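The values are calculated or read from the model by the stated rules, or taken from the named source; none is laboratory data. These numbers come from a predicted model, not from an experiment. Here Cβ is always computed from backbone atoms with ideal geometry, including for glycine, and neighbour counts include all displayed protein chains. Ligands, DNA and RNA are excluded from the accessible area calculation, which covers all protein heavy atoms including side chains. Shrake-Rupley method; radii C 1.70, N 1.55, O 1.52, S 1.80 Å.
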Amino acid sequence: MQALSFSVHIPLVCFGIALPAIILYVEWCYLRTGDALYRTLAQRWTRIMVALFAVGVITGTILSFEMGLLWPNFTATFGSVFGLGFAIEGFSFFVEAIFIGIYAYGWDRLRPWPHFWCGIPIVISGITGSFMVIAVNGWMNHPSGFRLVGGKTVDVHPVKALFGNSYFWHELLHMYLAGYMVTGFLLAGAYAMGRMRGRWGRYERTALAIPLTIAALAAIAQGPVGDWAARDVATTQPVKLAAIEGLGTTTKGADEHLLGWYVDGRVKYGIAIPKLLSLLAFHNPNATVQGLNTVPPDQRPPVNVVRVAFQTMVGIGTLLALIGAIFLFVRWRKRRLPESVWFYRGVALAGPMSVVALISGWVTTEVGRQPWIVYHVMLTTQAVTGASGIPVSYGALALVYLAVAGGVAWVLLRLARVPMDGGQLEASPAGG
């Protein structure tokens, strides 16, 4: 149930992180140039922001109830450790809701610059809310800032717990870049579909170029951040790394296997690249990498689930970075957008692919930590509820999310069909 809710909610978090900043950038372009096209674009994207925020309220509320209902021992034991993070996240939500209302209804009621400044708190609160949730997750992967005595937490230092763990920083950057990738590629993908259907005016070109540029830069930057995260995992969660790579036994100069299936302590049908795992994990081709045999079988995560999720994330991420590099190269060398129809087909697919990569990344992070909910402190089996009737609740929740998804699709289609002010766009300065 938690995984289902999280898979529905996390793409909305990406829009909460990135879309307000993108809209403010577009509005700033309007204030700087006086070009009404930018104002029209910012107004239309504001409607999307409001709609997705409303849906995020639904999914986020469900998640907050699930924390207490599905994980009672976890919240009872460690609430004093991570409670500060969720409290700040709650305040951030209310600030975001207030200023989204002011911003959305203030387009024709406020002067241009005061309206722009009303968007800044939306950007900040969108960042701080997700900032705190990521901090809690980083703590779960690398717990600190407390002592456990007799099953109770003592000597709690919330700030140290949330921000003093090494996982927090690379998870933060990894998630924020993913947020800009998902938002940018989904927005650009919508206009790429329009391009293939013959809608390719100045408005559509601008609406595609801005989010695609942002997504391209984020996709390329994601590589070094992913390398940083992998090296931290190799040091602090070696069993997770062993599951990611299907490494059954501790090995010096360990090979990297592309694709394949983990069976009987090794990867079958994969493509082995000699010593690459040691090189990637420790920047040393002869480094020793710990295998799954270093812990008992009941302390190992489900290897193939983690492997497939990780390779899906990396494979899609590589393709997205390639699309981004092609786009930036053409923009830089030829001062125009790419012309190939295959490029726009790739951009149209990049949006949903980025969501798949996003969820795969979180599967890698969370399932790879199993069987621990708090790494080496509390087992998932100790934290989860023993209540009956969960399958019925799961089915009801799935139906709710299907209804919400249908509602979101209907709203977004209605927003897409709202006619633009053609007179304003025609009065805009010409340009490519």
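For the range 270-285, a residue qualifies if it is surrounded by fewer than 18 Cβ atoms within 10 Å (Cβ to Cβ) and touching a strand residue (DSSP E or B) at 6+ places or on another chain (Cβ under 6 Å), and the qualifying residues are 271, 272, 273, 276.
So which residues in the range 335-348 are in a helix (DSSP H, G or I) and within 14 Å of residue 205 (Cβ to Cβ)? Spell out the reasoning first.
We begin by selecting, within the range 335-348, every residue in a helix (DSSP H, G or I); these are 341-348.
Matches in the range 335-348: 343, 344, 347.
So, of the residues in the range 129-146 that are open to solvent by 10 Å² or more (accessible area, probe 1.4 Å), in contact (Cβ under 8 Å) with a residue 40 or more places away in the chain and in a loop (DSSP other than H, G, I, E, B), which turns out to be farthest from residue 168 (Cα to Cα)? Out of the qualifying residues, it is 146.
Here is a check on your reading of the model: is residue 50 in contact (Cβ under 8 Å) with a residue 12 or more places away in the chain, open to solvent by less than 20 Å² (accessible area, probe 1.4 Å) and in a helix (DSSP H, G or I)? Considered against the rule, which asks whether it is in contact (Cβ under 8 Å) with a residue 12 or more places away in the chain, open to solvent by less than 20 Å² (accessible area, probe 1.4 Å) and in a helix (DSSP H, G or I), residue 50 comes out as no. Every test in (1) surrounded by fewer than 19 Cβ atoms within 10 Å (Cβ to Cβ); (2) in contact with a Lys or Arg (Cβ under 8 Å, 6 or more places away or on another chain); (3) among the aliphatic types (A, V, I, L, M) is passed by residue 193 save one, and that test is (2).
How many residues are in contact with a Pro (Cβ under 9 Å, 6 or more places away or on another chain) and surrounded by fewer than 20 Cβ atoms within 10 Å (Cβ to Cβ) when one looks only at the range 147-161?
Of the residues in that region, 0 qualify.
Among what's in the range 369-413 and is assigned to a loop (DSSP other than H, G, I, E, B) and among the β-branched types (Val, Ile, Thr), pick the residue that is most open to solvent (accessible area, probe 1.4 Å). Only one residue tops the list, namely 384. In this structure, residue 62 does not satisfy being out of contact with any Cys (no Cβ under 7 Å at 6 or more places or on another chain), farther than 17 Å from residue 137 by Cβ, at pLDDT 90 or above and in a helix (DSSP H, G or I).
The condition of being open to solvent by less than 60 Å² (accessible area, probe 1.4 Å), touching a Gly at 6+ places or on another chain (Cβ under 9 Å) and at pLDDT 90 or above holds for only one of 330, 347, that being 347.
Look at (1) in contact (Cβ under 8 Å) with a residue 40 or more places away in the chain; (2) open to solvent by less than 40 Å² (accessible area, probe 1.4 Å); (3) touching a helix residue (DSSP H, G or I) at 6+ places or on another chain (Cβ under 7 Å); (4) not acidic (Asp, Glu) and you find that residue 168 fails only one, number (1).
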